[in-house]
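A.B. asks: Here it is, the structure in full.
The values are calculated or read from the model by the stated rules, or taken from the named source; none is laboratory data. Here the structure is a predicted model, which is why all the values come from computation and not from measurement. With ideal geometry, Cβ positions are generated from the backbone for all residues, glycine too; neighbour counts draw on all protein chains shown. With ligands, DNA and RNA removed, areas are computed over all heavy atoms of the protein, side chains included. Shrake-Rupley method; radii C 1.70, N 1.55, O 1.52, S 1.80 Å.
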Amino acid sequence: MSDQRAKRPVRAGAAACAALSGFALFAPLAGCAPGPSSAARFPDVQRMLDSRAHAVEQRDEAGFLAAVDPRATAFRARQRAVFGNLAGVPVTDWHYDLDATDAFPLPPGDGGERLAAKVRLRYRLKGYDTAPVNAVQYLTLTERDGRWLISSDRDGAPAGRSGNRQLWDQGPVRVVRGRYSVVLGGASHPARLEDLARRVDRAVPAVSAAWKGRWSEKVVVEAPDSVERMAQLMGSDDPSGYTGIAAVTTGEAGVTTNAPADRVIVNPDAYEELNDLGRKVVLTHETTHVATRTVTTAATPLWLSEGFADWVAYRGAHRKPATAAPELTRAVRAGKPPGRLPTDADFGFRAGADRLATAYEGSWLACRMIAEKWGEAKLLAFYKAAGRSALRTSAATGNAPIEAATAHASAARPGPPAAGAGHRPTAGRSELTDRALRTQLGIGLGEFTRQWLAYVKQLLGR
């Protein structure tokens, strides 16, 4: 690609980050009694899945393959390879849950009853995950002589039901352990995995020094061999949405217990284009998202969560603002400064490269301004207060808490839109942010915005 911006040091945010967000409000439905679960309706299927999970934990290849349809010879061969790929991976608490039995249209079969199953895999990496990872599989189940067996994991793909293909589904897995990190990746580039482990081991203390909140101080990184395999980890068959994105952090925001484990997933193509500073910033940025996940909620504006991650990544780097914020600098010097703080829409994949970069740069400068004018302690207090606003509001109104599943992406350079990218709802967000600002900084959102605009023009207009 001829984009010259990829040739110079890039910021995790300004050189294009993006966030994928989804929210749901849950409330009881009066008079609606739930029906029996799929596992309850098909207990023999759940027992087969339980035996398969037990075989994984016991490293029992014969038991693992006993769940596979012997007539599905190609699938059986792939499953034998998958089991071998798991050999060096420290998995524990491996479970399957049958979620649905009509999850996709089934192709013609060879007779016998079949089910189009949606299965949820849960597992932990021993010594690193305090909560399980959740991954979805779409499996064709076939009844043979009174037994349910797995005959395919690809029949759902034509209907967009591919699920998450874990690293061991893709090929051999290499594991590199650091002091604060574990890196899982393909076997093709061991030097890259070692580099990632070293950099994350440096990022964790840097994040802890800035954040000062409680967190596990452990980071799991997954580094597939290609952007195509990165997309598969994210449950997509379309890699174009991840072109240029160097890393994505997955996890569930605003949940303090039983939250799915965080993962930093690296795009090898974009990561290789980063220089030393770019790699440092990207991994520190993503590690910050891991550290702050439990206090980042639907009430936290994206300018705060992404700006704070960039602020931590650049803390102590002594970068000149004009160098670290090139897009916003050009806009200011051209007499076109922003008229407001970045909105969630500015961070969307469809916002355009310049708008996206400007949003990240402006957000970084907003957090930088708070740290300079009110102090770092106040910046942290405001961040936590902004997230707590949603919980206080839901408690006061009697509504269920907002659940926010987030994936933060740091890009080497602007890329095309990702399929399924969305924005968080903004109803009431400004009021909550205003309240947190008044409580922690003593000014409202309007005055804060005016001070931020003056700060941006002062720093970048020279």
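A.B. asks: Filtering the stretch 71-104 down to residues that are touching a residue at least 40 places away in the same chain (Cβ under 8 Å) and hydroxyl-bearing (S, T, Y), which residue is farthest from V136 (Cα to Cα)?
C.D. replies: Checked the stretch 71-104; the qualifying residue farthest from V136 (Cα to Cα) is T101.
A.B. asks: Does T358 fit the bill of being at pLDDT 95 or above and assigned to a helix (DSSP H, G or I)?
C.D. replies: no
A.B. asks: Residue under question is R368, and the condition is that it be assigned to a helix (DSSP H, G or I) and crowded, with 17+ Cβ neighbours inside 10 Å; does it hold?
C.D. replies: It is true that R368 is assigned to a helix (DSSP H, G or I) and crowded, with 17+ Cβ neighbours inside 10 Å.
A.B. asks: If A33 satisfies all but one of (1) out of contact with any strand residue (DSSP E or B) (no Cβ under 9 Å at 6 or more places or on another chain); (2) surrounded by 14 or more Cβ atoms within 10 Å (Cβ to Cβ); (3) at pLDDT below 85, what's the number of the condition it fails?
C.D. replies: Result: A33 passes all but (2).
A.B. asks: Continuing with the same structure: Could you list all residues from the stretch 285-319 that are within 15 Å of L196 (Cβ to Cβ) and either open to solvent by 10 Å² or more (accessible area, probe 1.4 Å) or basic (K, R) (or both)?
C.D. replies: Scanning the stretch 285-319 gives a single hit, V290.
A.B. asks: Can you tell me which of D93, D155 is in contact with a Lys or Arg (Cβ under 7 Å, 6 or more places away or on another chain) and of a type in the set (D, E, K, R)?
C.D. replies: Answer to the check: D93.
A.B. asks: Return the residue satisfying two criteria in turn: it lies in the stretch 193-218 and is closer than 16 Å to A317 by Cβ and of a type outside the set (A, V, I, L, M, F, W, C), and of such residues it is least open to solvent (accessible area, probe 1.4 Å).
C.D. replies: This residue is R199.
Condition check ((1) over 24 Å from G146 (Cβ atoms); (2) among the hydroxyl-bearing types (S, T, Y); (3) surrounded by 14 or more Cβ atoms within 10 Å (Cβ to Cβ)) across all residues:
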residue: A53; (1), (2), (3): no, no, yes
residue: L65; (1), (2), (3): no, no, yes
residue: T73; (1), (2), (3): no, yes, no
residue: R76; (1), (2), (3): no, no, yes
residue: Q79; (1), (2), (3): no, no, yes
residue: V89; (1), (2), (3): yes, no, yes
residue: D99; (1), (2), (3): no, no, yes
residue: G112; (1), (2), (3): no, no, no
residue: P132; (1), (2), (3): yes, no, yes
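A.B. asks: Moving to a separate point now. For the stretch 219-241, which positions are open to solvent by 10 Å² or more (accessible area, probe 1.4 Å) and touching a Ser or Thr at 6+ places or on another chain (Cβ under 7 Å)?
C.D. replies: D225, V227, G235, D237
A.B. asks: I'm checking my understanding of the structure. Among residues of the stretch 335-365 that are more than 22 Å from the chain's Cα centre (by Cα), of a type in the set (G, A, S) and surrounded by fewer than 21 Cβ atoms within 10 Å (Cβ to Cβ), which one is nearest to G307 (Cα to Cα)?
C.D. replies: It comes out as G339.
A.B. asks: For P107, work out the one condition from (1) out of contact with any strand residue (DSSP E or B) (no Cβ under 8 Å at 6 or more places or on another chain); (2) open to solvent by 60 Å² or more (accessible area, probe 1.4 Å) it doesn't fulfil.
C.D. replies: Against the list (1) out of contact with any strand residue (DSSP E or B) (no Cβ under 8 Å at 6 or more places or on another chain); (2) open to solvent by 60 Å² or more (accessible area, probe 1.4 Å), P107 comes up short only on (2).
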